[in-house]
Amino acid sequence: VGIVDQGFDYLHPAWNQRLKRVWNQNAWQGAPPAGFSYGVELLPSSFAVELQDGQAHSHGTQIASIIAGNATPNAVFSSSMNGIAPNAEIVFVSTDGQSAHVLDGIAYIFDYAASVGKPAVVNVSLGSHLGPHDGTSG
């Protein structure tokens, strides 16, 4: 499962050990993914160094929880609080929202999935406050 959004908490327990890659397109220090010239790719070994992308308890974390959260039953959570794909491997792309960068993020997710021989599905739930919000804008 790939998610292109903003505001991810990379170490959230709801996806413990299942987050495989992060591309923070907004970061400046570090190496970008192969084939790209911007942002920073994080592997699981570096998640603890960069715990979040600046707004960890924001939209990206919420969407990731709905899609791939896994609330191991304990005193607070029940298994009924899992996302729709609670055992999926996860790739996050924290984007700046530019159309070209969103498309790059989608390609990055599918490239990673192909490299490990797995299928992929991508969620892009970005929007704006432009337009009348009455269904008439295209």
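Every number in this text was worked out from the coordinates using simple rules, so none of it is lab data. In this text, all values refer to a predicted model and were calculated from it rather than measured experimentally. Reconstructed Cβ throughout: ideal geometry from the backbone, glycine too, with neighbour counts over all protein chains shown.
Quick notes
- Within the shell of other residues whose beta carbon sits under 13 angstrom from the beta carbon of ASP111, the net charge comes to +1, with Lys and Arg scored +1 and Asp and Glu -1.
- Cβ-Cβ distance of ASP134 and ALA85, R₀ of 25 Å, FRET efficiency by 1/(1 + (r/R0)^6): the value works out to about 0.15.
- Surrounding net charge for PRO33, when Lys and Arg each add one and Asp and Glu each subtract one, Cβ distance under 14 Å: -1
- In this simple spin-label model, placing a label point 7 Å from the Cα along the Cα-to-Cβ direction at both PHE47 and SER99 gives a separation of 3.4 nm.
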